[in-house]
Amino acid sequence: GAVVSQHPSRVICKSGTSVKIECRSLDFQATTMFWYRQFPKQSLMLMATSNEGSKATYEQGVEKDKFLINHASLTLSTLTVTSAHPEDSSFYICSASILTLDTSTDTQYFGPGTRLTVL
Amino acid sequence: GEDVEQSLFLSVREGDSSVINCTYTDSSSTYLYWYKQEPGAGLQLLTYIFSNMDMKQDQRLTVLLNKKDKHLSLRIADTQTGDSAIYFCAESGRRGKLQFGAGTQVVVTP
């Protein structure tokens, strides 16, 4: 249980185009979904927190007009990188949280990540 | 501020035990987590520990928590080549957010 998928796993696009990444919780309804960015050999940087039906909360320094998040249902969140540039090339990982009964707290389960390369 | 620190690299022989250490600063953390990341993949939740516990064992994994010193460790018994990966510790902060360490790369040698 607690499987999270991302699509696509890898995408190459031209500078100036927009790219949409999907994050789905396959066997559970997620309380909250999170979007992270990871640079090579570095830790995960939280970009935004997303709840179904409401606007995403962005971390300081993350441009909300650049990284559009739509959380259409309890099992689907999308991240759109608008007008992508080479500096947006990175590994994007989503997570979905679910209330874990034995801990009475939300536990995050991660997707496999999406490698974005902007030429 | 909130910070999580880990050693960056660990080399261990196959069959030996690995110990990965982590320190954190946020004393209000309720849960602490260990995640594993293989190359090009997402994070896999390995185990977690509640902050009022001092030890948790799950098969080959043992988590030790010293809340006074804000020190967390993950011991992997009988380390195998498949354990080679990056291991992240994380603490649960405010509003369900996770604060991650930089990750420890574990290399298992034959």
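Key figures for this structure:
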| item | result |
| --- | --- |
| Tally, over region B:37-62, of residues that are over 23 Å from residue B:109 (Cα atoms) and not charged (D, E, K, R) | 11 |
| Region A:5-19, subset within 16 Å of the chain's Cα centre (by Cα) and not in a strand (DSSP E or B), residue surrounded by the most Cβ atoms within 10 Å (Cβ to Cβ) | A:9 |
| Residue list for region A:1-42, restricted to those being small (Gly, Ala, Ser) and closer than 9 Å to residue A:96 by Cα | A:2, A:25, A:30 |
| Any hit, region B:68-83, residues being without any contact (Cβ under 8 Å) to a residue 24 or more places away in the chain, open to solvent by 50 Å² or more (accessible area, probe 1.4 Å) and out of contact with any strand residue (DSSP E or B) (no Cβ under 6 Å at 6 or more places or on another chain) | yes |
| Filtered residues of region B:1-34 (kept if touching a residue at least 60 places away in the same chain (Cβ under 8 Å), among the hydroxyl-bearing types (Ser, Thr, Tyr) and in a strand (DSSP E or B)) | B:11, B:18, B:24, B:31, B:33 |
| Condition broken by residue B:104, with the remaining ones in (1) polar (S, T, N, Q); (2) open to solvent by 50 Å² or more (accessible area, probe 1.4 Å); (3) closer than 16 Å to residue B:23 by Cβ satisfied | (2) |
| Residue A:93 being closer than 12 Å to residue A:23 by Cβ, open to solvent by 10 Å² or more (accessible area, probe 1.4 Å) and in contact with a Phe, Trp or Tyr (Cβ under 9 Å, 6 or more places away or on another chain) | no |
| Odd one out for residue A:69, checked against (1) buried (at least 16 other Cβ atoms within 10 Å of the Cβ); (2) under 15 Å from the mean Cα position of the chain (by Cα); (3) within 14 Å of chain B (Cβ to nearest Cβ) | (3) |
| Check on residue A:78, within 11 Å of chain B (Cβ to nearest Cβ) and either assigned to a strand (DSSP E or B) or surrounded by 15 or more Cβ atoms within 10 Å (Cβ to Cβ) (or both) | no |
| Residue that is surrounded by the fewest Cβ atoms within 10 Å (Cβ to Cβ), among those in region B:84-94 that are more than 23 Å from residue B:52 (Cβ to Cβ) and not aliphatic (A, V, I, L, M) | B:84 |
| Scope region A:20-48; condition at negative phi, facing chain B (nearest Cβ under 9 Å) and not in a strand (DSSP E or B); matching residues | A:31, A:42, A:43 |
| Among (1) within 13 Å of chain B (Cβ to nearest Cβ); (2) surrounded by fewer than 19 Cβ atoms within 10 Å (Cβ to Cβ); (3) in contact with a helix residue (DSSP H, G or I) (Cβ under 9 Å, 6 or more places away or on another chain), the one test that residue A:99 misses | (3) |
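The values are calculated or read from the model by the stated rules, or taken from the named source; none is laboratory data. Computed from a predicted model, the values in this text were never measured in an experiment. So basically every Cβ, Gly included, is an ideal-geometry build from the backbone, and we count neighbours across all protein chains shown. For accessibility, only protein heavy atoms count, side chains too; no ligands or nucleic acids. Shrake-Rupley method; radii C 1.70, N 1.55, O 1.52, S 1.80 Å.
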